[in-house]
Amino acid sequence: MFELRGVTKRFGERLALAPTDLVVPSGRTLVLIGPSGCGKSTLLRLMVGLLRPDEGEVRFAGTELTPERAEALRRRMGFVVQGGGLFPHLNARQNAAIMAQYLEWEPSRIQHRIDFLAQLTKLPTDRFGRYPVEISGGERQRVSLIRALMLDPDVLLLDEPLGALDPMTRFELQRDLQRIFAQLQKTVVLVTHDLGEAAFFADEIVLLRAGRIIQRGTLEELLRSPADPFVTQFINAQRPPPSLGSAAP
Amino acid sequence: MSHGAPRHVLLYGLVALTASTACRPTRKSIAVGSKVFTESVLLAEITTQLLQGSGVPATHRQQLGGTRILWEALLRGEIDIYPEYTGTLAQELLGAPQGLDLGDLERELLQRGIRLGPSLGFDDSYAIGVRRDLAARLKLRNLSDLANHPELKLGFSHEFMDRADGWPALRDRYRLPQRDVRGLDHEVAYRALASNSIQATDLYSTDPEILHQDLVLLEDDLRHFPRYDAVLLYRAELEQRMPQVPLVLNRLAGRISQSEMIQMNARALRDRIPESEVAADFLRRTLNLDTATRRVGLSARLRQNTEEHLSLVLVSLASAVVISIPLGILAAKRRRLGQIILAVTGTIQTIPSLALLVFMIPVLGIGPRPAIAALFLYSLLPIVRNTYAGLTGIAADVLESAEALGLPSIARLRLIELPLASPTILAGIKTSAVINVGTATLGALIGAGGYGQPILTGIRLANVGLILEGAVPAALMALGAQAAFELLEPALVPRGLRLK
C-alpha cells in the first residue's frame, strides 16, 4: 500500500529520518515502535503527506504522494492522533461528518455511515450531539476513529491513539480496535512506544532508533534473533517483559 | 484644489479609497474657521453672524485646532475665512522671524491665493501688566519706567522665560535691573500679583484678567514685541465667487478695540456666556445688526454629538475589521510577511493620535474624513494581532487532523481555523472599539465633531460641565460597545468553545 524509497527528513540540523526504505503491505497491521525521537511519528506523517521528504519518494497505492495529489490521496487514508484531534467547536456528529459534508454527500448516506460506524466503535448514539469537552477521553478516540473511517479509506494511520488514556479505558479500546481492524481488513499503520501494545496489534513490528530502522519482523523474530544489541535492550526495558505467545492482555 | 497641498495618496495606500472622495464639494455656504481659543472663536462667531445677517449663508467651523490646521484648511479651501494675527502670519506661516510690513505681508499672502482682510482694530501681543494702584504710585507708564525700580519682583510664565522674544530679550532691550525674577504658572502669577508677592507679569494684551484684576499694561515704548494685529484672512477667489463677502467683512474694520476685546473675552470666559450671544451683543451695539442666535439645548447637542461620534466610530471600525482580519490571516499564514504586517501596524500605534490626525490633513483635509482614516489606522493593530494570535494558537493536533482529512486550505480556514480563532478575534475587535470610541474625541480638533466638541470647549473655557457633556457619553458609549460585543458573542462564537 505504501512504498518509501530513500526517504530522508531533517528538522533544521537534526536528522529525524536517515535515508529509509519501507514497504507497507496491503491488509496488514504494521506497528512502528521505538523510543521518543526515533522518527516513528515522522515516518507516519511522511506517509500521510503532512511532512514532505527532503529526499526520496513516498508512494501510496502506486502513486507518488506529491503536494498536488496529497489532498485527493488523503481522502483514502484515515488518520488518528493521540488525544483525538477533534475540532472543539463542532459536536461529535459534525466532527465525524465534516469531510462527507464538504464532499456534499446526501444526508441519508451520511446518517447510514455514521450509524454503521457508531455500532462498529460501540459509541452510544447520544454522544453524537455532544461537544468534545463533554465526552470522555475514550469516547473522543472513538469519535476520532469514526471521523477517520467516514470515507471508508484504504488505510488507517494511528499515532499513539491510546497514549493519553487511563489503563482501564485503554484496555477496553485496545480490544475494540483489534476487533475493528480484523473486521474491516484494512491496512493499518500504528505508532506506539509500548511493546505490549505493539505485540497485541502487529502482524509485523518495525523498530526504529535515532531515525533508522533497526529491525523489522514479528515480536518473536525480534526476540529470537535481534539485529542489534539495542533490540534486546529495548525489549528488556519494557517491564514486565511480555511472555511470548500470550502477548494479549 | 489649491497648490501646496501634497496629494500623497499612494503614501497612504490604505486610505486611498476614502481619499478618492476627498475632493471638496462646491459649497454654497461660506465656512468661517476658528482656533481652539476663546478670542478666535468669538471673532469667527462675529464674522459668521455678520455674514448671515447680511444675507450670506455662512457656517462657523468651531475650534478646528491650531494655527497650522486653520492655515492649511484655508489654503485648501475647506474654510474660506478665519481670524489671524499679523505677527503669527509673518513668523509662523511665512517664515519671516523679523516680521513683515503690511505691504509685504499682503503680497506674500496673495501669492498663495489669500487676501489680507480688514484689520479689526486691536493688537493681541505679549504685554507686561502691573496693578493699577502700583502703577499710579510709582508712575509707571512705559516699560522703560521699570528700569528705575530695581526692587520690583517679577514673575513670568515659563513660556515667556524661554521664548526668544521673552524675558532675556526684554531685559536686554530695556536694560532692566530686576534680580528677583521667577518662572510661574499663569494662574499662580495672577494670584501672586493680587497678593503683591510679585509686582509685574507677562500676559496677552486682551486677557480678561486685565479687567478682573484691574491691571495696567505698560507701553512697549521701544517696540520690543512684534505686533499681533487681529485681521481676517479670506480666500482671494471669494472676490469673484461671492463679491459681496469682502464688502461685508470690511464693516468690521477697526471696530473691535482692545478694551472691547477684553470685555468680550471676559464675558465668555468668566461669565460663561455662550460666544454666539457675546457676538450677537457686539453686532447689535456696534453695527446695529440684529442676528438671531438660537441656543441649542442640551438634548439636541447630545443627539448631534452622538450621531457624529457614532458615525466616526462605526465607519472606521467596520473598515478596520474588513481589512484587519484578512491581514491577520495573511500574517499567520506567511510568517515573514506577517512580521512586516505586525511591525507596520504596531508602528502606526506608536504615532501619537494628535500627530496622526494632523498627518491626515494634507491628504484628506479637515472634518470627519481624516478622523475616520486615523481611527481606522488605530483600530488595525488589536484586530490584526488577535487574528494572528488566534490562528497561530490553535493546537497542532487539531490542525494536523484537519489537514490529514484532505480538506483544502481554504476550507480548513473557513470551517476550522476561523471558528476556533473567533473568540480571540472578537476580543481584538472589542479592544479596538473601546480605544476607537476614546480616541474619536480627538477628532473634534480637526473639525470632525463628536463628543470631543464639548470637551474641547470645556477645556478652553475651564467649564467642567461642558467637559463632562462630552466625557460622560463617550465613556458610556465605550461601555455600550463592550456590552454590545458581549451580547454578540453567542452569535459569533461557536457553542463548543463557550463550554467549560
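Brief remarks follow.
- If you plug the beta carbon distance of A:SER136 and B:ALA475 into 1/(1 + (r/R0)^6) with R0 = 35 Å, you get a FRET efficiency near 0.15.
- In degrees, nearest ten, helix A:137-149 long axis to first principal axis of chain A (Cα): 90 degrees
- Tail beyond 20 Å, pair distance distribution of the range B:270-341 (Cα, percent): 63 percent
- Shielding of peptide A:147-153 by partners, expressed as the average count of other chain Cβ atoms within 10 Å per residue Cβ, is 1.
- The range B:110-216: GluC sites (Glu not before Pro) in DSSP coil with no more than 16 other Cβ atoms inside 10 Å: B:GLU151
- Note on B:LYS153 and A:ALA227: the model spin-label points, each 7 Å out from Cα along the C-beta direction, lie 10.0 nm apart.
- Tally of Lys pairs whose C-alpha atoms are under 27 Å apart, taken over the protein assembly as shown, 8 or more apart or cross-chain: 8
- Within chain B, helix-based [θ] at 222 nm, where runs of 4 or more DSSP H residues each add -39,500 (n - 2.57), nearest 500: -17000 deg cm²/dmol
- If R0 equals 56 Å, the separation of the Cβ atoms of B:ALA194 and B:ILE340 corresponds to a calculated FRET efficiency of about 0.40.
- With semi-axes defined as the square roots of five times the eigenvalues of the C-alpha gyration tensor, the equivalent ellipsoid of the protein assembly as shown measures 82, 27, 23 Å, largest first.
- Summed residue charge, Cβ within 9 Å of A:CYS38's Cβ, Lys/Arg positive, Asp/Glu negative: +3
- DSSP-assigned coil residues among trypsin sites (Lys or Arg not before Pro) in the range A:1-43, each with at most 16 further Cβ atoms within 10 Å: A:ARG28
- Neighbour cut-off at most 15 other Cβ (10 Å), DSSP loop, trypsin sites (Lys or Arg not before Pro), the range B:325-399: B:ARG334
- Diffusion of the range B:127-171 by Stokes-Einstein, at 4 °C in a medium of 1.567 mPa s and with Rh set to the Kirkwood radius over alpha-carbon pairs, works out to 112 µm²/s.
- 10 Å Cβ neighbours from other chains, averaged over peptide A:88-95: 5
- Ranked packing of B:74-83, B:282-291, A:149-158, most packed first, by mean Cβ within 10 Å: B:74-83, A:149-158, B:282-291
- Shape class of the range B:126-217 from the alpha-carbon gyration tensor: rounded, with the ratio a/c of largest to smallest axis under 1.5.
- Separation in nanometres of the label points that stand 7 Å from Cα toward Cβ, at A:ALA164 and B:ARG163: 7.1 nm
- A simple spin-label model places pseudo-atoms 7 Å from Cα toward Cβ; at B:ALA483 and A:GLU106 they are separated by 5.2 nm.
- Close amide H contacts of A:ARG212 (hydrogens built in the peptide plane, cut-off under 5 Å, sequence separation of 5 or more or a different chain): A:ALA18.
- Distant-in-sequence amide contacts of B:GLY449, defined by a placed amide H-H separation under 5 Å and a gap of 5 or more residues or a different chain, comprise B:ALA444.
A short reminder: the numbers here are calculations on the coordinates, not readings from a lab. All values derive from a computational prediction rather than experimental measurement. Reconstructed Cβ throughout: ideal geometry from the backbone, glycine too, with neighbour counts over all protein chains shown.
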